[in-house]
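First up is the structure itself, then whatever we jot down about it.
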Amino acid sequence: MELIEAVGISKRYGGIVALSRADFRADAGEVHALLGENGAGKSTFIQILAGIVRPNGGTLHLAGQAYQPANARAAEAAGIAAVFQELSLVPDLTVAENVWFRREPLSLIGTVRKRRERDATLALFERYRIPAPAPTREVRRLTLAERQIVEIAKALSRDPSVIILDEATSALPPRETDWLLQLSQDLAAEGKLVIYISHRLAEIRQIAQRVTIFRNGATVATHDTAAVDDETIIADMLGRRMDRLYPPRIATATDRTALKLRGLSVGDRLADIDLDLKEGEVMGVAGLQGHGQRELFQALFGVSRSRGAVEVWGKPIAIRSPRDALVGRDGIALVPEDRRSHGLLLSKSVRENLTLSVVPRFTRFGFLSRSRERALVDEQLRTLQIKAGTPDQMAGTLSGGNQQKVIFGKMLLTQSRILLLYDPTRGIDVGTKGEIFRLMRDLAAKGYAILFYSSDLPEIVNVADRVAVLRNGKLAAILSGDDISEHRILREAMVEARAA
Amino acid sequence: MTMTLPSAAKPVAKRDGDHARDRSTWLIDRAPFLIACGMLAVLIAIYGTLREGVFSFEELNLDTAAAMTLLLAATGQTIVLLRGGIDLSIGGMISLGTVLAATQFGGSPLQVAFAAVMIALLGFAIGVCNGLLISVLRLQPFLVTLATWSILSGTALMILPTDGGQLPDFWMAFGNASLLGVSSSVGLLVLLVLFWVWFRSTRLGIEIRATGSNQRSAELSGVSILRINLLAYGLSGLFAALAALYLTTQTGTGSPTIGKDYILPSVAAAVIGGISLFGGRGGMIGTIVGAFILTIIGNLVFVLQVSSYWQPVVSGVILLVAVLASSLAEKSARRSLS
């Protein structure tokens, strides 16, 4: 008897079928990976397990008992804890308050025993070696990675028998990723079931015994991870042999300099960066976590104050705010790190999100031209293949990959020809990743200049024409041609650390 | 293949840095409240130099009595603001409460006590209705409570078209009673503070704050938004009714239009005291400071013998300072983070 048995689960939202026949069997004591493209129904399925969404059909069994959680609380009581991509942390509460939210230790008069709560938090962190921030810090002051870790701590605090990790490593730096992979294996060894959702095949191979693959709301296959190759997994996900993930790299760079940096510095985190980004070029930015990549992008987009000279298409400019950076055809457009809180208005429609930054483009004499707006929006939906029911669908209801495409569309509509892409493929499925890489090469061929950072190094190696490697906030090397390899980038990024 | 790079950032084991950062964010987060305390101190100092005997129990009793109606109304408003909503209907509830007290109070203490409890429960029930409309029909709190304010005001005018009515003497004596030089109003203030210290640490208090901070997160964590709305607006209605009852001990009459004077000041007191209109942040102690700031401004205008129209002007300026302070604090917090 397996711990979780789901047979023929279906779920419709209005006319949209999110799940049609999802089958899933997983046993106690294993790490079971769940794979599928964005929109394949993984999120809906785990929301059903977590009691947040109720299925329209199918049967669910937990440890042999029929399992129909009425709400999240019932799922928790049954021993299922989920760590969602959409985090459940409350920004204005502290780390400890969030971990024990609604399960606080209470005194006789119904008030929370703060000291005991804090001690319990520290004990929890100790027990699972959680690299979490101090229990007294407020969550809204934490980085995305720190929040993700607190979210995991919150799930662990319930001592669940089933723990669901949805793209949990996509927000984590490498050290914390290693911790989580180890933790998942330890939990499985303790006899718990870990359902692990990730797009990173290497992670899945490292920790999962079995992998179940969803496609278009239905289960395609369950494999023993050791007995299946990557090609088969990807083919199962896509339903066709995958086109090459990385498009051919055809040199399209011209002699024209799109973006010229001289002595760019941000505080003490980025120092004296000299860089020339050419028209038609894709330049990768690489380095160890926290060595200035983020500061470079923030400075160029005007989020951080910077010193030094910036020239855009030969004209010196001073970037003090995002508005300065976003000036039409000669401007700079950014795909930000955290698409949920910075890039998109989740409660607005796809159409509004696309056209928000570019209202002047379809106004005539100060009046909004609806037909022009519609034409622009339709064009973006078509070229980017955004899977939205209608342009008026709420952006928050799209899958992660489609949300990212909307951000791309928004950026392209600004007509800026210098693009800053900060980890644009984070948490996105392989199919959409490939589309984004092809789009990047197409744009480069049209004369766009692209500066590109990815937390997944092979992406930089395979997509960029040149790679700028940062080390301790300084430019360590610019690699091009055959010099671009993971090995070489890593060496440039670490060489000083090794000498020390 | 995904490569695992050793990280340069060390998220654990740098407790010293954490503490320094804790302290600076603690200050930044409380900047609006601390600035409000500073403004109150300055106002009291000015008031003290202009008038004899400001630093006495007598003055404290008087000012607390003057501020108490606003304080009670603002307590309810604070709870709703922390939930991320707003309650305009308290104006109508206060009018209706005074009118009901003036017309329904009988002569005997038992009858009065019964009527007072019924008025308090009515306030709670009307608040629950607000919460129900907001949750079930998914309407804007601003519009729902604007509508109920109008309905309640009209009802109050139907019951008692002009100021009047009769309240028993012992009822009014209660409001001004004192023990060892401390008036019942100061006693109420102490109770209010105790209530808040207790309430903010209860599970309900935390859930209300959490819902105001991020409704979706709270919902994902298992909070019933319906329950939170019913209780938050219910408590707001209850405190509005208590404000009305207190007001009658001071004025001795029912006033069908008096409530509107408390709607925006209750919001202003909370915001001056550092409560975010976006929910989740701030506390009742700030609201108390805010309410006293507004009250002392009234005293100052009186002592300086300038036109009483200066009171709203100065209150407005102070409100601007408070809003500016919280916005600057938020910006500096963001800068220190990035």
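The values are calculated or read from the model by the stated rules, or taken from the named source; none is laboratory data. The shown structure was predicted, so the numbers you read here are calculated from the model rather than taken from an experiment. Counting neighbours? That spans all protein chains shown, and the Cβs are built from the backbone with ideal geometry, glycine included.
May I ask you to verify whether A:Thr219 is touching a helix residue (DSSP H, G or I) at 6+ places or on another chain (Cβ under 7 Å), crowded, with 17+ Cβ neighbours inside 10 Å and at pLDDT 85 or above? When the stated conditions are applied, A:Thr219 does not pass them. For the range A:65-106, a residue qualifies if it is among the hydroxyl-bearing types (Ser, Thr, Tyr) and either more than 15 Å from B:Val223 (Cα to Cα) or part of a helix (DSSP H, G or I) (or both), and the qualifying residues are A:Tyr67, A:Thr94. Restricting B:Ile28, B:Ile126, B:Ile86, B:Ile94 to those that are closer than 20 Å to B:Ile318 by Cα and either part of a helix (DSSP H, G or I) or at pLDDT 90 or above (or both) reduces the list to B:Ile28.
Evaluated against (1) within 14 Å of another protein chain (Cβ to nearest Cβ); (2) not in a loop (DSSP other than H, G, I, E, B), B:Phe239 falls short on exactly one condition, (1).
Of the residues that make up the range A:159-178, is at least one in a loop (DSSP other than H, G, I, E, B), more than 30 Å from A:Asp230 (Cα to Cα) and away from chain B (no Cβ under 13 Å)? The answer is yes; a qualifying residue exists. Looking for whichever is buried (at least 23 other Cβ atoms within 10 Å of the Cβ) and within 9 Å of chain B (Cβ to nearest Cβ) here; the options are A:Glu138, A:Glu97, A:Glu104. Which one fits? Only one candidate qualifies: A:Glu97. May I ask you to verify whether A:Leu479 is under 25 Å from A:Lys260 (Cα atoms) and without any contact (Cβ under 8 Å) to a residue 60 or more places away in the chain? Yes, satisfied. The criterion of being crowded, with 16+ Cβ neighbours inside 10 Å and touching a Lys or Arg at 6+ places or on another chain (Cβ under 9 Å) holds for A:Ile234.
Checking each residue in the range B:105-117 for being touching a residue at least 12 places away in the same chain (Cβ under 8 Å) and assigned to a helix (DSSP H, G or I) picks out B:Pro109, B:Val112, B:Ala115, B:Ala116.
Starting from the range A:436-463, take each residue that is more than 14 Å from chain B (Cβ to nearest Cβ) and touching a residue at least 12 places away in the same chain (Cβ under 8 Å) and list its partners that are aliphatic (A, V, I, L, M) and surrounded by fewer than 18 Cβ atoms within 10 Å (Cβ to Cβ), counting only C-beta distances under 9 angstrom and pairs at least six apart or across chains. Pairs that qualify, where the first residue is more than 14 Å from chain B (Cβ to nearest Cβ) and touching a residue at least 12 places away in the same chain (Cβ under 8 Å) and the partner is aliphatic (A, V, I, L, M) and surrounded by fewer than 18 Cβ atoms within 10 Å (Cβ to Cβ), are A:Phe437/A:Leu245; A:Arg441/A:Ile250; A:Ala444/A:Ile250; A:Ala445/A:Ile250.
Of all residues in the range A:116-134, those being away from chain B (no Cβ under 12 Å) and part of a helix (DSSP H, G or I) number 8. Regarding B:Ile272, is this residue of a type in the set (A, V, I, L, M), away from every other protein chain (no Cβ under 14 Å) and surrounded by fewer than 23 Cβ atoms within 10 Å (Cβ to Cβ)? When the stated conditions are applied, B:Ile272 does not pass them.
Given the structure, is A:Ile109 in a loop (DSSP other than H, G, I, E, B), hydrophobic (A, V, I, L, M, F, W, C) and either within 11 Å of chain B (Cβ to nearest Cβ) or crowded, with 20+ Cβ neighbours inside 10 Å (or both)? Yes; evaluated as a whole, the condition is true for this residue. On the stretch given as the range A:284-322, residues that are within 11 Å of chain B (Cβ to nearest Cβ) and more than 28 Å from the chain's Cα centre (by Cα) total 0. Scanning the range A:469-486 for residues that are part of a helix (DSSP H, G or I) and either over 25 Å from the mean Cα position of the chain (by Cα) or not assigned by TED's automatic domain parsing to the domain that holds A:Gly287 (or both) turns up A:Gly481, A:Asp482, A:Asp483. Please work out if A:Glu203 is at pLDDT below 90, crowded, with 17+ Cβ neighbours inside 10 Å and within 14 Å of chain B (Cβ to nearest Cβ). Judged against the criteria, A:Glu203 is a match. The residues listed here are A:Gly58, A:Gly64, A:Gly79; of these, the one that is touching a residue at least 60 places away in the same chain (Cβ under 8 Å) and under 20 Å from A:Ala22 (Cβ atoms) is A:Gly64. Can you find even one residue in the range A:38-48 that is part of a strand (DSSP E or B) and assigned by TED's automatic domain parsing to the domain that holds A:Ile233? Checked the range A:38-48: no residue is part of a strand (DSSP E or B) and assigned by TED's automatic domain parsing to the domain that holds A:Ile233.
Taking the range B:210-236 as the range and being more than 8 Å from chain A (Cβ to nearest Cβ), out of contact with any helix residue (DSSP H, G or I) (no Cβ under 8 Å at 6 or more places or on another chain) and at pLDDT below 95 as the test, only B:Ser224 passes. Filtering the range A:267-283 to residues that are among the small types (Gly, Ala, Ser) and away from every other protein chain (no Cβ under 14 Å) leaves A:Ala271, A:Gly280.
Being closer than 28 Å to A:His223 by Cα, of a type in the set (A, V, I, L, M, F, W, C) and surrounded by fewer than 18 Cβ atoms within 10 Å (Cβ to Cβ) holds for only one residue in A:Ala81, A:Ala66, A:Ala75, and it is A:Ala66. Taking the stated definitions as given, is B:Thr249 within 11 Å of chain A (Cβ to nearest Cβ) and either β-branched (Val, Ile, Thr) or surrounded by fewer than 24 Cβ atoms within 10 Å (Cβ to Cβ) (or both)? The answer is no for B:Thr249.
Quick check: anything in the range B:288-299 under 28 Å from A:Ser304 (Cα atoms) and not polar (S, T, N, Q)? Break it down into steps so the answer makes sense when it comes.
As a first pass, look at the range B:288-299 and keep what is under 28 Å from A:Ser304 (Cα atoms): none.
Within the range B:288-299 (the criterion being under 28 Å from A:Ser304 (Cα atoms) and not polar (S, T, N, Q)), the answer is no, since none of the residues qualifies.
Candidates B:Thr69, B:Thr64, B:Thr49, B:Thr75: the one that is hydroxyl-bearing (Ser, Thr, Tyr), closer than 18 Å to B:Asn299 by Cβ and at pLDDT 95 or above is B:Thr69. Taking the condition touching a residue at least 40 places away in the same chain (Cβ under 8 Å), more than 15 Å from A:Arg147 (Cα to Cα), among the hydrophobic types (A, V, I, L, M, F, W, C) and buried (at least 19 other Cβ atoms within 10 Å of the Cβ), does A:Ile52 pass? Spelling it out, it is not the case that A:Ile52 is touching a residue at least 40 places away in the same chain (Cβ under 8 Å), more than 15 Å from A:Arg147 (Cα to Cα), among the hydrophobic types (A, V, I, L, M, F, W, C) and buried (at least 19 other Cβ atoms within 10 Å of the Cβ). Filtered by the rule that a residue be of a type in the set (A, V, I, L, M, F, W, C), surrounded by fewer than 16 Cβ atoms within 10 Å (Cβ to Cβ) and modelled with pLDDT under 75, the range A:303-346 gives a lone residue, A:Val327.
Here the condition is being surrounded by fewer than 22 Cβ atoms within 10 Å (Cβ to Cβ), among the polar types (S, T, N, Q) and at pLDDT below 80; of A:Ser265, A:Ser349, A:Ser357, it holds for A:Ser357 alone.
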